[in-house]
Amino acid sequence: MTETAPGAQRFIPPQADTLDDLRAAATGCQGCELYRAASQTVFGRGDATARVVFVGEQPGDMEDQKGLPFVGPAGRLLRKAVDDAGLDPGHIYLTNAVKHFRFELRGKRRIHQTPDRVHITACRPWLVAEFAQLHPEVVVVLGATAAKALLGPAFRVTRQRGELLPWPAAAQHPEDFQRVPVDSTGRTADAPPAQLLATIHPSAVLRADNQDIAYDGLVADLTIVARALSR
Ligand code: SF4
């Protein structure tokens, strides 16, 4: 296991001021060793004006091949859950805490490996840079890895799932995610209140003994998000 990594910060151009700028720069990231074995960087996708930002763990095998997040089986399940919860799929942004696929080879199969803390820490600057371009009303944290990246190691999804928390106040380092919006006259405007909700990763539904119960739980959590948006 790698104990340290240089981190992504030096690959983020200081002048990058759009998600497209960041996405282009991330293709060359060597902030940890995961870029070596993976096919490509899988950056977030969606609109900068998205009302809901989903943060997952890392790209899977199919995402790694296609270069897009949430296009594999877990992504399909998440899209169904988004529909069933009544969220508008046109108003979401999808990204991951770690932007390269971590796996081990068994024969010809690439088996998912959970990112270590060193990978989460190394990749966090991309997440911070993405959030600097986004202004969601709700941030949805999918699973333990995303929770570690945003909320710190003490946060337990199993204990606090489905709970609306203040964003970015609930983040491990809220100042990283604090936006200081400036209005058209150049004055600092009040930041609109935002919230965060943690739930299980859709891949946990696929692994569950009772997938129906696990799926219903995911939809119930996302329904809380849908209600928060309609207030
Ligand atoms: S996982 Fe993140 S920090 Fe590591 S090389 Fe990929 S983009 Fe860079």
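The values are calculated or read from the model by the stated rules, or taken from the named source; none is laboratory data. Please read all numbers here as calculations on a predicted model, not as lab measurements. Because the Cβ atoms are built from the backbone with ideal geometry, glycine has one as well, and the counts that use them run over all protein chains shown.
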**Request:** Test Thr49 against the criterion of being of a type in the set (Ser, Thr, Tyr), at pLDDT 95 or above, surrounded by fewer than 23 Cβ atoms within 10 Å (Cβ to Cβ) and over 18 Å from Asp221 (Cβ atoms), and give yes or no.
**Result:** yes
**Request:** Only residues that are touching a residue at least 60 places away in the same chain (Cβ under 8 Å) and in a strand (DSSP E or B): list them for segment 33-56, please.
**Result:** Val52, Val53, Phe54, Val55, Gly56
**Request:** Read through the list (1) within 16 Å of the ligand (Cβ to nearest atom); (2) over 24 Å from Leu164 (Cα atoms), then give the number of the only condition that Asn96 fails.
**Result:** (2)
**Fill in**
Of the residues in segment 1-32, those that are over 12 Å from His119 (Cβ atoms), part of a loop (DSSP other than H, G, I, E, B), out of contact with any Cys (no Cβ under 9 Å at 6 or more places or on another chain) and more than 7 Å from the ligand (Cβ to nearest atom) come to Pro13, Pro14, Gln15, Ala16, Asp17, Thr18, Thr27, Gly28
**Asked** Right, Tyr35: aromatic (Phe, Trp, Tyr), out of contact with any helix residue (DSSP H, G or I) (no Cβ under 6 Å at 6 or more places or on another chain) and more than 23 Å from Ala147 (Cβ to Cβ) or not?
**Response** yes
**Request:** Select from segment 33-67 the residues that are within 15 Å of the ligand (Cβ to nearest atom) and of a type in the set (A, V, I, L, M, F, W, C) and write down the one among them that is nearest to the chain's Cα centre (by Cα).
**Result:** Val55
**Request:** Could you check segment 57-154 for strands (runs of 3 or more DSSP E) lying wholly inside it with 3 or more residues that are under 24 Å from Gln178 (Cα atoms) and in contact (Cβ under 8 Å) with a residue 60 or more places away in the chain?
**Result:** 138-142
